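Take a look at the structure set out below.
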Amino acid sequence: MTDDEKKATARGTRPRRERIEVWVTPDEKAELADRAAQGGLSLSAYLRASGLNHPIRSVADLDAVADLVRVNGDLGRVAGLLKLWLAEKRGEGANPVDVETLMREFRAQQAKLSAIMGQLVRGK
């Protein structure tokens, strides 16, 4: 195995020996570099994925999913606190039926968030 093959294997990719040159204007190069950066890819990886019609995920989409995961966790914690309140202080303060309804709404919102996160991750 050659040094190039070892380096390529260590990175987890197949060794690539073919090169394609593409002539572009400086503006086109800047646009391609910007799109590659948005996808968290090198220019070469972006052009390869684009040319082979592979999906290119936006880093912003993945950041949004991370934010949604945090919100989903917060909803779960609030619902858990409501459940604890129902168990320990049933009948005190708010009507238990209202609290149970609120808990069901929290769970429904969590399910919607999970579905949205799944769509973002799968790129649909």
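Remarks
- Each principal axis of the chain carries a Cα extent, and these read 73, 39, 19 Å when sorted largest first.
- The local environment of D34, defined by Cβ-Cβ distances under 15 Å, has a net charge of -1 under the rule Lys, Arg +1 and Asp, Glu -1.
- Where labels lie 7 Å past Cα in the beta-carbon direction, separation of N53 and E92 in nm: 6.4
- Helix-derived mean residue ellipticity, 222 nm - over the chain, DSSP H n ≥ 4, -39500 (n - 2.57), to 500: -24000 deg cm²/dmol
- Length released on extending from L75 to E105, taking residue separation times 0.36 nm less the Cα-Cα span: 9.8 nm
- L84 paired with S114, simple spin-label distance in nm, labels 7 Å along Cα-to-beta-carbon: 2.2
Each value in this text was obtained by applying a stated rule to the coordinates, not by laboratory testing. Here the structure is a predicted model, which is why all the values come from computation and not from measurement. When we count neighbours, we look across all protein chains shown, and the Cβ atoms used for this are built from the backbone with ideal geometry, even at glycine.
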